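The values are calculated or read from the model by the stated rules, or taken from the named source; none is laboratory data. All values derive from a computational prediction rather than experimental measurement. All Cβ positions, glycine included, derive from the backbone under ideal geometry; neighbour counts span all protein chains shown. These accessible areas exclude ligands, DNA and RNA; they are computed on the full protein's heavy atoms, side chains included. Shrake-Rupley method; radii C 1.70, N 1.55, O 1.52, S 1.80 Å.
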Amino acid sequence: MKIFVYEHITGGGMLDDPQVAALAPEGELMLRALVDDLTAIPGVEVTVLRDARLPADLPATIHSVGEADAFWPIFRRAAGEADAVWPIAPEQDGILARITREVIHCDRKLLGCRPDAVDIATSKRATAEVLGRAGIRVIPVYADESSVPGEVNEIVVKPDDGAGCQDTRLFQDRAELRNWLQAHPDPKWIFQPFVRGDARSLSMLCCDGRARLLACNRQKVEIADGAFRFDGVSVNAVSDRDGRYAELASRVALALPGLWGYCGADFVETAGDAVVVEVNPRLTTSYAGLHRAVGLNPAELVLGLPGSLESSNDPMRGSRAIEVELIHAV
């Protein structure tokens, strides 16, 4: 089986984007982990696209992208030569949605979430509405500052289609927030009450409205000068002995039946319950430590869907926590 792994940041999709230096370390972590997992499976050959400025030291066939105008022809050629395509791309600006539909247009097997789930998960507002209707506790989303209830003093502002902590800020003073909005107008901003608790995430295997929890992770999120920063994750660091995280994973998958393959869900663990922040319809940084943490090859589990959902083996018992650190560009 020939699998084309496309990681957007390191694969030439951001040649002209100044953010590439800041985002590349996270993309590189996920890409290398996935390529290593796939090449460990007998009979699997891997192809990747690679930004020509990056080292070509991957155990895969590499298509180098050196100019932005050459990106789509090279992408389509690589997709056409493969049996399946595994996209890793941010949701922002519809990037993941476009890549997903391009794979379908190329008539290749999509090793990722279906377009309907990607469209919903791209929008934090839409995600909160869908999960909320399913009875899952979520953080309320408001379209403007004036709609946030008056008793809320701490307000988080972020793009509706943002990825992770990108452009996410905390304000504890409404006057300061209003002044900031005047200087940074953007119709994509959404507003949410700040929920105090422990930042955590789920690593899930999803298929047709069902889910298997692979790990519950402790995220390393800092707030400096009002800006959120993601510094890494302790993969498989949170036990699920009572099964409530597995139940949450199943409820998320049931609410978004188009989730397929490896997916993530970020949540805040409060004193009373888990409050979902967002759903990631793609690989997350936690994937980089998942194989070592649970002792199973997650890429092999994805290729084994839907049968791999049925396994009675619970990798969260008797396994270990793995630290994945991010080095931020200065």
query = Kirkwood hydrodynamic radius for the stretch 71-142: how many Å is it when counted over pairs of different Cα atoms?
reply = 13.5 Å
inquiry  = For the stretch 1-121, I need the span (max minus min coordinate) of the C-alpha atoms along each principal axis, in Å, sorted largest to smallest.
reply    = 38, 35, 25
message = Counting other C-beta atoms within 10 Å, and keeping those with at most 12, which DSSP coil chymotrypsin sites (Phe, Trp or Tyr not before Pro) do you find in the stretch 1-83?
response = none
key: Inverse of mean 1/r across different Cα pairs in the stretch 208-330, Kirkwood, Å   = 15.3 Å
request  = Write down the percent of antiparallel bridges among all DSSP beta bridges whose residues are both part of the chain, to the nearest 5.
outcome  = 70 percent
ask   = Which trypsin sites (Lys or Arg not before Pro) from the stretch 199-247 combine a DSSP loop assignment with at most 13 other Cβ atoms within 10 Å?
value = R241
key: Stretch gain in nm, segment E67-S146, where the contour uses 0.36 nm per residue and the Cα spacing is subtracted   = 24.0 nm
remark   = The longest stretch of the chain containing none of the GluC sites (Glu not before Pro) that sit in a DSSP loop with at most 12 other Cβ atoms within 10 Å is 152-330
query = Quick one: if you stick a label point 7 Å off each Cα along the C-beta vector at A175 and R98, how many nm between them?
reply = 4.3 nm
key: For the chain, the spread of Cα positions along each principal axis, largest first, Å   = 59, 48, 34
Solvent-accessible area per residue for the stretch 93-182 (1.4 angstrom probe, square angstrom) = 48 Å²
query = When the helix-only estimate is applied to the chain (DSSP H runs of n ≥ 4, each -39,500 (n - 2.57), divided by the residue count), what is the mean residue ellipticity at 222 nm, nearest 500 deg cm²/dmol?
reply = -8500 deg cm²/dmol
task = Pick out the long, greasy-scoring helices in the chain: whole DSSP H runs spanning 18 Å or more along their own axis by Cα, mean Kyte-Doolittle at least 0.0.
result = 20-39
ask   = How high is the FRET efficiency between R229 and M1 when r is their beta carbon distance and R₀ equals 35 Å, given to the nearest 0.05?
value = 0.35
task = Using the heavy atoms of the protein chains and a 1.4 angstrom probe, tell me the accessible area per residue for the stretch 185-330 in square angstrom.
result = 42 Å²
remark   = Rounded to a whole %, the carbon-and-sulfur portion of the accessible area of the chain at a 1.4 Å probe is 50 percent
request  = Subtract the Cα-Cα distance of L254 and D208 from 0.36 nm times their separation in residues, and report this length gain in nm to one decimal.
outcome  = 15.8 nm
Rg and Dmax [Cα atoms of the stretch 117-170; Å; Rg one decimal, Dmax integer] = 11.8, 34
